[in-house]
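Novice: Dropping the structure in here first, questions after.
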Amino acid sequence: METQNSGRLYLVDTVAGDPEVLQADAETYYEKLLKKSLSSPDVFCIPGRGEVKLEDSCVCFVPLYRNNPTCKLLLLTEPKDKETVLAVYLSQRWWPVEDVVKTADPARDGLILVQTFGERIVLFVLNCIIFGMLEGSSANDAFFLPHSATECAKILWRNGEAAAFYSVKMKGSLCGDTTSQCYLLPVLDTIFVQRKYRRSGLGMKMLHNFCQSFLAEDALGISCPISAAMYQVCQKFLQAHPEEQKRLWEVEAPGDWGQRVNVWLKIQMESSPRGKAEVGSCMEKTPTTKPRQSDQMNKGVDCFPGVGQVGGDAMEKKDDTTAAGTLNSQGPEEEDLEQSAGNSQKHKGLRKREGPGDLVGDKATKQFKTTP
């Protein structure tokens, strides 16, 4: 892997300018490419894969954002496997997927709020390409749809690479494009850790950061359904941070009291044979306690728009803390962490996609109801 000291710049470090201008440039390039591929196609050399011909059958546009087909990215796919994306075209050049999620900026380290156009592209690549095509589980054929253009998300950067991300449905934001209902609490909606970074405490780190980002809230949600792997992360986190046990809920949008189950309560009941039969009907409705004052006095580093400062310990950029390290001792806690949250983003009965161009979220098989 390229180091941050190599002097090489990556897409997220260099992309600047109007996204519409960048897309127009890609469309112009694509038109020229189609004409040239009929006679003598250009080739793109990818480290470890050799040369790939830039032909019409291997190049396509896909939507960058959900429900916004006008903003697109130009992708290069494997000639023999259209499910494998090799590169992204932007700023008059092709970027291998591995380079899109890298950075040469030493300041880009730890959990950082997604704000720039380049960071939106990194989020898309992590979400729809690395997870959705390269690392997603073909057994259940599940994947996350592209995020919206205004989705609140943070990318966890480590050693010059985007290792993970999580996204949040903000309190008061619409539950969907076809409803007037709004979320009644902040909800952790999608979360993903690259396979090579799993079992290193990143799941707990992101969950801790999520909780610390909303210290003034009495209740926080995680989108239903929560996977077994994510429940193991939640269990270890809540054991290490008992002050959060009454704040964390598994919720269905918009998150009214009848649409939430206390995560810690469910964990305790699932551990009891008798409790397993009762957990579906048991709802914890006791008012929650306020966060500890000591947590609210922590140094702020990065925060979501309109939210107070985040506790400094939640933005730890060194080695994992002792509490996070306990996540590694038991085995598969983060093996399938990408399936942990995001009922509004994820579906387990999707038909297999024919190619990257089938990422559009407005097809009938990919409509998800975010309201009951």
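None of the figures in this text is laboratory data; all of them are computed from the coordinates on show. Computed from a predicted model, the values in this text were never measured in an experiment. Heads up, the Cβs are rebuilt from the backbone with ideal geometry, glycines too, and the neighbour counts pull from every protein chain shown.
Novice: Determine, from the Cβ-Cβ distance of GLN239 and ARG93 and an R0 of 51 Å, the FRET efficiency 1/(1 + (r/R0)^6), rounded to the nearest 0.05. List each step's numbers first, then the result.
Specialist: Details: r = 48 Å, r/R0 = 0.94.
That gives a FRET efficiency of 0.60.
Novice: Length gain on complete extension for the stretch LEU113 to LYS196, per 0.36 nm per residue less the alpha carbon to alpha carbon distance?
Specialist: Details: separation 83, 0.36 × 83 = 29.88 nm, distance 2.21 nm.
My answer for the length gained is 27.7 nm.
Novice: Related question: How high is the relative contact order of segment 12-99, in percent, counting Cα pairs under 8 Å that sit 6 or more residues apart?
Specialist: Working: 118 pairs, mean separation 20.4, N = 88.
In percent, rounded to a whole number, it is 23.
Novice: With each pseudo-label sitting 7 Å past Cα toward Cβ, what's the SER271-GLU51 distance in nm, one decimal?
Specialist: Using points 7 Å along Cα→Cβ, the separation is 6.1 nm.
Novice: Another question, then. Kindly flag which residue pairs out of LYS82/LYS169; LYS53/LYS80; LYS32/LYS80; LYS53/LYS82; LYS72/LYS169; LYS102/LYS169 have an alpha-carbon separation exceeding 20 Å in this structure.
Specialist: Values: LYS82/LYS169 32 Å; LYS53/LYS80 12 Å; LYS32/LYS80 23 Å; LYS53/LYS82 14 Å; LYS72/LYS169 23 Å; LYS102/LYS169 26 Å.
Exceeds cut-off: LYS82/LYS169; LYS32/LYS80; LYS72/LYS169; LYS102/LYS169.
Novice: Run the simple label-point estimate for ASP105 and ALA216 please: 7 Å along Cα→C-beta, distance reported in nm.
Specialist: About 2.7 nm separates the two model spin labels.
Novice: Packing-wise, with mean Cβ within 10 Å as the measure, how do 43-55, 10-22, 203-215, 252-264 rank, highest first?
Specialist: On the way: 43-55: 13.5, 10-22: 15.4, 203-215: 25.1, 252-264: 20.0.
Per-residue Cβ counts within 10 Å, averaged per peptide and sorted highest first, yield 203-215, 252-264, 10-22, 43-55.
Novice: Per 0.36 nm of contour for each residue apart, how much would the distance between ASP81 and ASN159 grow if the chain were fully extended, relative to their Cα-Cα spacing?
Specialist: Values: separation 78, 0.36 × 78 = 28.08 nm, distance 3.02 nm.
Result for the pair: 25.1 nm of gain on full extension.
Novice: Okay, next question. How long is the gain from ARG8 to TRP257 if the chain were fully straight, where each residue apart is worth 0.36 nm and the alpha carbon distance is subtracted?
Specialist: Working: separation 249, 0.36 × 249 = 89.64 nm, distance 5.10 nm.
Contour length minus the Cα-Cα distance gives 84.5 nm.
Novice: Cut-off 16 Å, label point 7 angstrom out along Cα-to-Cβ of ASN68: give me the residues of segment 175-193 whose amide nitrogen falls inside.
Specialist: The answer is 176-177.
Novice: How much net charge surrounds ALA26 when only other residues with a Cβ under 12 Å from its Cβ are counted (Lys, Arg +1; Asp, Glu -1)?
Specialist: On the way: positive: LYS32, LYS72, ARG93; negative: GLU20, ASP25, GLU27, GLU31.
So the environment of ALA26 carries a net charge of -1.
Novice: Here is a follow-up. Simple spin-label model, 7 Å along Cα-to-Cβ: ALA24 to CYS182 in nm?
Specialist: In this crude label model, ALA24 to CYS182 measures out at 3.6 nm.
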